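Structure record follows, encoded as structure tokens.
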Amino acid sequence: MSVDTLTVPGETRAPTREDARGCRIAVASERGFTVGRNELLLLSALGQGINYPHSCRVGTCGRCKTRLVSGRISPLVDFALSPLTNRDLKDGYILACQAKVRSDLEIEVGLLDHRVTLPRSIVGEISGWRILPGGVIDLRLALEEPLVFEAGQYAALAVSGSFVRRSFSFYDAAPGSDGTREVGFLVKHLPGGRFSGWLGRQDRRGVRIWLEGPFGQMGLDDTPRHALCVAGGTGIAPILSIAEDRLRRFPAEGITIVFGVRTRADLFALDRLERLSGLAPGRVRVVPLLSHEPAGSGWDGARGLVTAALDRDLGIDLPEASAFVCGALPMVEAVETRLAALGMPRGRIHADKFEPSGL
Amino acid sequence: MLDYAKYLLSPVLLATSAYGLWLGGPHAWLGFGILIGILLFDAFLEPDHSVRDTRFPWLYDGIVSVQLIMGFAMILFYAWLVGQGHFETTASKIGGFVTMMFTQFVIVAPVLHEMFHRENLFHRWLGRIGMVMIFDPWREITHVVTHHIHTVTPDDPDYARRGENLYRHLAKTFAGQIAESYHLERRMWTKRERAWWDPRNAWVWRVGILAGFVGLLWLIGGGSGALAGVGVCLLGPRILLEIFNYTQHYGLVTATPGRFEPRHTWNHLTPFVRLLALEITNHTGHHEDSYKPFYELVPDRTGPKQPQFLICLLLAFVPPLWFMMIREKLHHWDRHYATPQEREIAEAENIRAGWGDLNERPSLAQARFAVAP
Ligand SMILES: Cc1cc2nc3c(=O)[nH]c(=O)nc-3n(C[C@H](O)[C@H](O)[C@H](O)COP(=O)(O)OP(=O)(O)OC[C@H]3O[C@@H](n4cnc5c(N)ncnc54)[C@H](O)[C@@H]3O)c2cc1C
Ligand code: FES
């Protein structure tokens, strides 16, 4: 295990006597860095431009999961209240976004070799609102300033004047370094939901919305490989973005999209999937799966949960591919377990869990 | 060094209060009288922005640990005095009770708050056990998780939204805290695969120490002593602490939930309040780093400030007066501290509270409020 250490000065607040002592963070198989004593591991790393895996930054998504090999941290809150499982806790995993650094540390985490785009707050207005099959809203925002994001990332949206703030993934292709003034999201209408219930009740064009982003790193896998994308419901949003990005960047590689919804009447975004296929004829395969389609309805495609499609008959060399998985938490976890059992290395399974997000 | 000597004021006040209780009769009021006298005097002083000497932390830790233990001894002593029938007249009974209520709230509660945040195991446990003196050993759970993470959002049971009066807040905060601590505890024991009654679950041993505390009061002061002791804890530190919470974040809003910024708390920086409340009224610093010993908290010179703490405490009891004061402060906060997004949330909160007149563009704010979720 090679452990080498790089010292980067990085004060994020007024230095105190304690902070003067920087703590060396040695990262197994990666370059290390230095964090001021008592600083949060993730925030300090990001502040130094280190691409530490993360998403929510508040201890709910589990993306910044890190194994603490040696050294001492203090959790902001008991890790038993975080997405870490009991097994994770026993195995010494921590969440970097919740960990105050108390001493030199040795950690295991996969840092990405990729520059991060720092999130910012931009205000805009709902410019597009359309109900799609399955009670999904195609929401478009016109922003007052251009926003830069990358494939598969997401943003936090809050209606002007509201505390309610929710995360939604961009479905458009990444806009490039000049950014874009228009962004789109696919929002599942949950009738009792505070945000989506409000959004789905009537056409909301013209409403002022605050967007903070971009967040997330699901799409940041720079290796040219076959991509297996697995989406449940609106989980297709970041998949559309990732797929388009990869088709452009890796002209020789194919993409398989496994897309699960309940019934045929719930199949949405088919026009966008067709457009993708049109972009790179022969390189995109879409496998729609219906979990609750009545027997004898005339549907001759695949049936069952998305995991049902994941087997060796899929015709993908799974140990050599990359996977992008997105949707509700139980679905994502089931897919991760299934793919690992089929020989896909865990490090190449990239996932975003659409957990209830926010206040 | 002199900075540390200043902290001796609190233990001296505790000792004086105990002496007053011991003398009985009208002297039972001594502790309360001195404390209120100091706080009234403090109301005329300018804010103190000085930074404390941080070179000898053991001196500070020593003083406040003794202070906490003295607070514990005092409540036992008080229960014993009551049990002995020491306070003969109604005036002395009330005097003893009020003295205990205030000293336990102003002088003792801040120490246990600081201690249960500490990393050092001895201090942390001192603070955890000390929580019996606010008659709420479960406090730490909601405080550390919910309050520190959800500060100034409606998801924080400690938070009072604009327009909420103290009495409504008290009812809401108690119910919210109970529900939240149950929810959090349940998540923890489920995650750790334990039964709800497992003695390793925090809530179980917290019930244990609370029962032990009441038992001790009973043993020392009999039924009347225990009753008086529990009454002091409930009406004093327990409720007054909620009033402190009521003032400290009142009506502020955030557009970055889960990420605290210095503008998200009020501060009370007059010299004696800082000393007696052990610097916790430099509230910004505490939220920025809740592990930081309180003497290291740096007063936020330019941050939002309320009038002196005793004045706020008294105003809070009379809602029209409280609103008169705080509306003006919030009006200023909206214009000087809020980000543009926070200002829009504040405008909606003003309308919710019936304070639409605080908004600069009332019709625009009303139109936005009408469509928001
Ligand atoms: C990183 C990330 C990206 C996300 N991207 C998207 C996206 O592109 N499209 C999208 O539609 N959602 C997405 N979500 C989920 C989204 O942020 C909200 O949680 C969801 O829209 C519900 O919010 P609400 O206010 O309508 O419901 P709430 O008022 O928060 O919840 C109402 C009820 O619905 C339940 N609930 C909440 N979320 C879900 C869910 N996803 N499925 C089923 N039940 C739920 C809650 O437990 C609750 O009982 C994402 C979440 C995360 C963390
Ligand atoms: S970034 Fe740490 S849990 Fe989400």
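The values are calculated or read from the model by the stated rules, or taken from the named source; none is laboratory data. None of these values were measured; they are calculated from a predicted model. Methodologically, a virtual Cβ is constructed for each residue, glycine included, from the backbone with ideal geometry; neighbour enumeration extends over all protein chains shown. Just so you know, the surface numbers come from the protein's heavy atoms only, side chains and all, with ligands and any DNA or RNA stripped out. Shrake-Rupley method; radii C 1.70, N 1.55, O 1.52, S 1.80 Å.
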Go through A:GLY193, A:GLY179 for me and flag whichever is away from chain B (no Cβ under 14 Å), more than 24 Å from A:SER322 (Cα to Cα) and without any contact (Cβ under 8 Å) to a residue 40 or more places away in the chain. A:GLY179
Need pairs with beta-carbon distance below 7 Å; first residue at the interface with chain A (Cβ under 10 Å from one of its Cβ atoms) and within region B:353-373, second surrounded by 16 or more Cβ atoms within 10 Å (Cβ to Cβ) and among the hydroxyl-bearing types (Ser, Thr, Tyr); sequence gap 6+ or separate chains. B:ARG368/A:SER160; B:ALA372/A:SER160; B:ALA372/A:SER162; B:PRO373/A:SER162
Which one of these does B:VAL318 not meet: (1) under 21 Å from B:GLU164 (Cα atoms); (2) in contact (Cβ under 8 Å) with a residue 40 or more places away in the chain? (2)
With the condition kept exactly as written, say whether any residue in region B:303-320 is crowded, with 18+ Cβ neighbours inside 10 Å, aromatic (Phe, Trp, Tyr), in contact with a His (Cβ under 6 Å, 6 or more places away or on another chain) and more than 26 Å from B:HIS123 (Cα to Cα). yes
I'd like the residue in region A:1-35 that is modelled with pLDDT of 85 or more and open to solvent by 10 Å² or more (accessible area, probe 1.4 Å) and, out of all such residues, is nearest to B:PRO299 (Cα to Cα). A:THR34
Cβ-Cβ distance below 6 Å, separation of 6 or more or different chains: which pairs start in region A:52-77 with a residue that is of a type in the set (D, E, K, R) and end on one that is buried (at least 18 other Cβ atoms within 10 Å of the Cβ)? A:ARG57/A:CYS97; A:ARG63/A:PRO53; A:ARG63/A:HIS54; A:ARG63/A:SER55; A:LYS65/A:TYR93; A:ARG67/A:TYR93
Across region A:152-173, which residue is farthest from the chain's Cα centre (by Cα) among those that are closer than 20 Å to A:ARG205 by Cα and more than 14 Å from every other protein chain (Cβ to nearest Cβ)? A:ASP172
Could you identify the single residue in A:ILE242, A:ILE209 that is aliphatic (A, V, I, L, M), buried (at least 18 other Cβ atoms within 10 Å of the Cβ) and within 14 Å of chain B (Cβ to nearest Cβ)? A:ILE209
Tell me the residue from B:ALA195, B:ALA211 that is aliphatic (A, V, I, L, M), open to solvent by 20 Å² or more (accessible area, probe 1.4 Å) and assigned to a loop (DSSP other than H, G, I, E, B), please. B:ALA195
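A quick yes/no check of all residues on (1) of a type in the set (D, E, K, R); (2) free of Cβ contacts under 8 Å to residues at least 40 places away in the same chain:
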site	(1), (2)
B:VAL145	no, yes
B:HIS148	no, no
B:VAL152	no, no
B:ASP158	yes, no
B:ALA171	no, yes
B:GLY176	no, yes
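Looking only at region B:239-259, filter to residues that are more than 14 Å from B:THR339 (Cβ to Cβ) and open to solvent by 20 Å² or more (accessible area, probe 1.4 Å); which one of those is nearest to the other protein chains (Cβ to nearest Cβ)?
Here the answer is B:GLY258.
Listed here are the residues, each with its yes/no results for (1) within 16 Å of ligand 2 (Cβ to nearest atom); (2) part of a strand (DSSP E or B); (3) of a type in the set (S, T, N, Q); (4) open to solvent by 60 Å² or more (accessible area, probe 1.4 Å).
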position: A:ASP300; (1), (2), (3), (4): no, no, no, yes
position: A:THR307; (1), (2), (3), (4): no, no, yes, no
position: A:ASP313; (1), (2), (3), (4): no, no, no, yes
position: A:PRO319; (1), (2), (3), (4): no, no, no, no
position: A:ALA323; (1), (2), (3), (4): no, yes, no, no
position: A:MET331; (1), (2), (3), (4): no, no, no, no
position: A:GLU336; (1), (2), (3), (4): no, no, no, no
position: A:ALA340; (1), (2), (3), (4): no, no, no, no
position: A:MET344; (1), (2), (3), (4): no, no, no, no
Residues being open to solvent by 60 Å² or more (accessible area, probe 1.4 Å), within 16 Å of ligand 1 (Cβ to nearest atom) and assigned to a loop (DSSP other than H, G, I, E, B): count how many of those fall in region A:58-117. 2
Scan region A:273-298 for residues that are out of contact with any Gly (no Cβ under 9 Å at 6 or more places or on another chain), surrounded by fewer than 19 Cβ atoms within 10 Å (Cβ to Cβ), of a type outside the set (Gly, Ala, Ser) and within 18 Å of A:LEU240 (Cβ to Cβ) and jot them down. A:GLU274, A:ARG275, A:LEU279, A:PRO281, A:VAL286
Of the residues that make up region B:338-348, is at least one open to solvent by 30 Å² or more (accessible area, probe 1.4 Å), away from chain A (no Cβ under 14 Å) and of a type outside the set (Phe, Trp, Tyr)? no
Got a number for residues in region A:27-72 being over 28 Å from A:GLU150 (Cβ atoms) and within 13 Å of ligand 2 (Cβ to nearest atom)? 0
State whether the residues of region A:138-151 include one that is within 16 Å of ligand 2 (Cβ to nearest atom), assigned to a strand (DSSP E or B) and away from chain B (no Cβ under 14 Å). no
Taking the condition part of a helix (DSSP H, G or I), buried (at least 21 other Cβ atoms within 10 Å of the Cβ) and within 14 Å of another protein chain (Cβ to nearest Cβ), does B:GLU140 pass? no
Would you kindly identify the helices (runs of 4 or more DSSP H) lying entirely within region B:245-317 that contain at least 3 residues that are over 24 Å from B:THR142 (Cβ atoms)? B:271-276, B:309-317
Quick check on my filter: what residues within region A:49-94 are within 13 Å of another protein chain (Cβ to nearest Cβ), of a type in the set (A, V, I, L, M, F, W, C) and under 20 Å from the mean Cα position of the chain (by Cα)? A:CYS56, A:VAL58, A:CYS61, A:LEU84
